[in-house]
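Step one of this worksheet: look at the structure below.
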Amino acid sequence: MATQTALGGTFTFPNTSLTINRMGYGAMKLAGPGVWGPPRDTNEAISILREAVATGVNHIDTSDYYGPHVTNQIIKQALHPYPEGLVIVSKLGARRPADQSWQPAISPSELTTGVHDNLRNLGLDALDIVNYRVMGSGHGPAEGSIAEQVTALAELKRQGLIRHIGISNATASQVAEAETITDIICVQNLYNVAHRDDDALIDDLAKQGIAYVPFFPLGGFTPLQSSELNAAAASIGRTPMQVALAWLLHRSPNILLIPGTSSLAHLRENLQAATLQLPAEIIADLNAIGAQHN
């Protein structure tokens, strides 16, 4: 069992009392293949969650449409009653019908049902943070008003079912629109060492003290491939994925990480990245990767 560590330093969400370690855990991979059904080994999934929390992880990212319901039920089985200070962040905006597809679920009634599904399967009275995931084009954001959905979440917050609101897969203008409706404390978008479309948004959010949480920090379903990343890792005796995570922590103090894994060994490897200090020349090499890919 790893010992309590400073996992990349801490971050306090704006206008809240929620302070978390910057290295968290994403639960998506606790479901079965294709984020559908139960995992191959539920006991290992439970062990991963318990070790993560014992090591100091106090930010878990999940959604009730992972599985569906599977990851939340495993989180509850592993960790409930939840330790003080653990922040569980969920997402709304999709549903998983029997054909295993990903379909929008964005009407106010569907969002309300989603909140109640999360509460029931996690065993909670209120959700710490809920991200509205905008259904874009593929994995990329698509412009369009999200006022109806954010207004619905703001009403659920007024009712006490949600404590705080974030948005995911959103454009800068959608972030700005949401901020006119309610306090937005985090934005969760696609970003990693090779995909840097959100550089300007990250810097703008940092000025406001709003968290930016990259999803697919290691490339997601298609792992990052970069000769520069491989060379940088080899030069300091670490794995490319550890270096990719360490670069993100260095990139901006408002970046929070939620790498997911269904392997205890990979969990430990990911958490070790939070203590990795990258030499200046490696940071410069990795900064250059984004210029090549954008």
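Given the criteria within 30 Å of ALA176 (Cα to Cα), within 20 Å of the chain's Cα centre (by Cα), buried (at least 17 other Cβ atoms within 10 Å of the Cβ) and in contact (Cβ under 8 Å) with a residue 40 or more places away in the chain, does PRO214 qualify?
Details: within 30 Å of ALA176 (Cα to Cα): yes; within 20 Å of the chain's Cα centre (by Cα): yes; buried (at least 17 other Cβ atoms within 10 Å of the Cβ): yes; in contact (Cβ under 8 Å) with a residue 40 or more places away in the chain: yes.
Taking the combined requirement at face value, the residue satisfies it.
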Checklist outcome for this item: Per the filter on the stretch 250-273, residues surrounded by 23 or more Cβ atoms within 10 Å (Cβ to Cβ), within 16 Å of the chain's Cα centre (by Cα) and assigned to a helix (DSSP H, G or I) are ASN270, LEU271
Checklist entry - Which one is nearest to ALA105 (Cα to Cα) among residues in the stretch 32-85 that are part of a helix (DSSP H, G or I) and out of contact with any helix residue (DSSP H, G or I) (no Cβ under 9 Å at 6 or more places or on another chain)? => result GLY34
Checklist entry - Which residues, taken from the stretch 163-220, are in contact with a strand residue (DSSP E or B) (Cβ under 7 Å, 6 or more places away or on another chain), small (Gly, Ala, Ser) and at pLDDT 95 or above? => result GLY166, SER168, ALA170, ALA178, ALA211
Checklist entry - Which condition number in (1) surrounded by fewer than 18 Cβ atoms within 10 Å (Cβ to Cβ); (2) touching a residue at least 40 places away in the same chain (Cβ under 8 Å); (3) within 28 Å of THR275 (Cα to Cα) is the one that ILE20 fails? => result (1)
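The values are calculated or read from the model by the stated rules, or taken from the named source; none is laboratory data. Computed from a predicted model, the values in this text were never measured in an experiment. Reconstructed Cβ throughout: ideal geometry from the backbone, glycine too, with neighbour counts over all protein chains shown.
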